[in-house]
Amino acid sequence: MFRGVPSRELPTGWAWIAGFLSGVLGGSVGAGGPPVIIYTALQPWGKFPIKSTLVGFFLATSIAAGVVQAGLGLMTGEVLVLFASGLPALVTGVMTGSYLFGRINSDGYRKVLNILLMLLGVVMVIKSIAN
């Protein structure tokens, strides 16, 4: 996992598989990110293409989810208040991440990405056991 940059790009079929698995996980447990994160981590890209791919993916899926939830009447006043209460943490996280991103090289970024992916997996396993 921490062996450095892969030597060649994955075949196009893997993008479709990652997208399919992301949709399945997103629809079933609300966490569709890991397959796409793994896919980008296995590409021989630098930190900028990885980041832009992930930002685009999460932006598109978040907008789609918000539109569907609003269409189903799930955007209540309480939900909007909770969203607003989380905005300071969101802005702080984005600013901190942007600051750190500018100070890390592509190899370090790839290592951080892998560590966070492993932590996400551990959290998901613990949550599944707790429920």
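Laboratory data are not the source of any read-out in this text; all were calculated from the coordinates shown. Note that the coordinates shown come from a computational prediction; the quantities given were computed from them, not determined experimentally. FYI the Cβ positions are ideal-geometry reconstructions off the backbone, even for glycines, and counts take in every protein chain you see.
Every residue, every condition in (1) among the polar types (S, T, N, Q); (2) without any contact (Cβ under 8 Å) to a residue 60 or more places away in the chain; (3) assigned to a helix (DSSP H, G or I), yes or no:
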{"site": "PHE48", "(1), (2), (3)": "no, yes, yes"}
{"site": "SER62", "(1), (2), (3)": "yes, yes, yes"}
{"site": "SER85", "(1), (2), (3)": "yes, yes, yes"}
{"site": "TYR99", "(1), (2), (3)": "no, yes, yes"}
{"site": "ARG103", "(1), (2), (3)": "no, yes, no"}
{"site": "ILE115", "(1), (2), (3)": "no, yes, yes"}
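Taken over region 3-30, residues that are more than 13 Å from LEU42 (Cα to Cα) and without any contact (Cβ under 8 Å) to a residue 60 or more places away in the chain amount to 14. Could you tell me whether region 98-114 includes any residue that is touching a helix residue (DSSP H, G or I) at 6+ places or on another chain (Cβ under 8 Å), surrounded by 11 or more Cβ atoms within 10 Å (Cβ to Cβ) and either of a type in the set (D, E, K, R) or farther than 29 Å from SER7 by Cα (or both)? Yes: region 98-114 contains one or more residues that are touching a helix residue (DSSP H, G or I) at 6+ places or on another chain (Cβ under 8 Å), surrounded by 11 or more Cβ atoms within 10 Å (Cβ to Cβ) and either of a type in the set (D, E, K, R) or farther than 29 Å from SER7 by Cα (or both).
Only one of the listed residues (GLY46, GLY27, GLY32) is surrounded by fewer than 16 Cβ atoms within 10 Å (Cβ to Cβ) and closer than 27 Å to ASN105 by Cα. That residue is GLY46.
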